[in-house]
1. Points 7 angstrom from Cα along the Cβ direction at residue 59 and residue 124: gap in nanometres?
2. Relative to the compact globular guide of 2.2 N^0.38 Å, what is the alpha carbon radius of gyration of region 34-161, as a ratio?
3. Do the alpha carbons of any pairs in 92/192; 27/79; 96/139; 27/237; 39/139 sit beyond 18 Å of each other, and which pairs?
4. Once region 217-299 is represented by equal point scatterers at the alpha-carbon sites, with solvent omitted, what log10 I(q)/I(0) does the Debye formula produce at q = 0.11, 0.12, 0.19, 0.25 Å⁻¹?
5. Over the chain, with every protein chain in place, what whole percent of the accessible area is carbon and sulfur at 1.4 Å, could you tell me?
6. With +1 on the Cβ of every Lys and Arg and -1 on the Cβ of every Asp and Glu, and nothing else charged, how large is the dipole of region 71-209 about its Cα centre, in debye rounded to the nearest 20?
7. Read phi for every residue in region 167-181 and hand back ³J(HN,Hα) as whole Hz from Karplus 6.51 cos²θ - 1.76 cosθ + 1.60, θ = phi - 60°, with x for Gly and Pro.
8. Can you compute log10 of I(q)/I(0) for region 73-230 with the Debye formula, treating each Cα as one identical point scatterer, at q = 0.12, 0.20 Å⁻¹?
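The values are calculated or read from the model by the stated rules, or taken from the named source; none is laboratory data. Please read all numbers here as calculations on a predicted model, not as lab measurements. All Cβ positions, glycine included, derive from the backbone under ideal geometry; neighbour counts span all protein chains shown. All accessible areas refer to the heavy atoms of the entire protein, side chains included, with ligands and DNA or RNA removed. Shrake-Rupley method; radii C 1.70, N 1.55, O 1.52, S 1.80 Å.
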Amino acid sequence: MTFGAFDFSDVILVGGTGRSGTTIMGKLLSRHPAVGLAKPSEIRILTYGNGLLDLHLRNRVGRYKHLMVTDNLHLTRFKYRLFNDWWERESKLGGKAGLIQGIQREELQELYRCMRNDWKTNREIAPTRFFRSFVDLQKRSSGNQLWIDTTPANLFRATQIASFLPSVRFIHMVRDGRDVIASVVREPWGPKNYDEGLIWYRNRMIRNLLNSRTLGVQVLTLSLEDLVLQNRIQSLKRVLSFLQIENDSKIQKYFETEVKSEKVRQGRWRSDVSDVATFNARYFAIVAELKKIDPQLPLKD
């Protein structure tokens, strides 16, 4: 099989800044009989450091980058993360999360064995074939037409992914940046405070929007507020039209009963920020900058 023979039009990658509605979108779409949610819903093997995308690009990342002077050492690092960091981790809700949720270890070992063999003969093909096989394995167990992953970084690396996975599509979830920041400053991986949060949000949104503009019709940009509050029916129609699937009673029921305003915490930033006026002024200056990149960006200015 040549590189051009791979097709990923059945793969939908949801992304955003983080805390922007990717999980809600994944859960909603997974109620449709044609759509299967990745297990885990954020697989990590594609966009995380030393993952498949970095293998494809031959990027050396993290504290090991100075040691990875050969492609074979890079493959070894991928194998380590595959069967350790990404295989099993503690879930925030308790229990186990990771690839263990959606694939048998023996199946993953076979996928890696095939990729290692491909790596010896055609390193351009090996990561792509691995991902195609991984998706196909999960689709066979579910019988779904489409496969969806909700890793937020999907949009941050969208143009790189699009060159790696031909015909892949993206859903870019955007949300009022003040609510995003209010959420991420509470995370150990997030910015330390609201001032840093504004910079963090701006940088990620700029990268996401530039990627979206480059990819054009491969990307649907949707506001969480529109989906949940302001333009619910039309938002759902836009998503289904983008995926080229009809509405279904199961997804409609979930949309009506679970995708509600109380599921999305809004306005927490008002009680957290000491100088609301200054914070708002800085935030809306960022929104104005973002709308120069995408005048149709569904954020209030």
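1. 2.1
2. It is 1.04.
3. Correct reply: 92/192; 27/79; 96/139.
4. Listed by q, the Debye log ratios stand at -0.44, -0.51, -0.99, -1.23.
5. With neighbouring chains kept in place, the figure for the chain is 49 percent.
6. Around 160 debye, computed over region 71-209.
7. 6, 4, 10, 10, 10, 9, 8, 10, 8, 3, x, 5, 6, 4, 5
8. -0.72, -1.39
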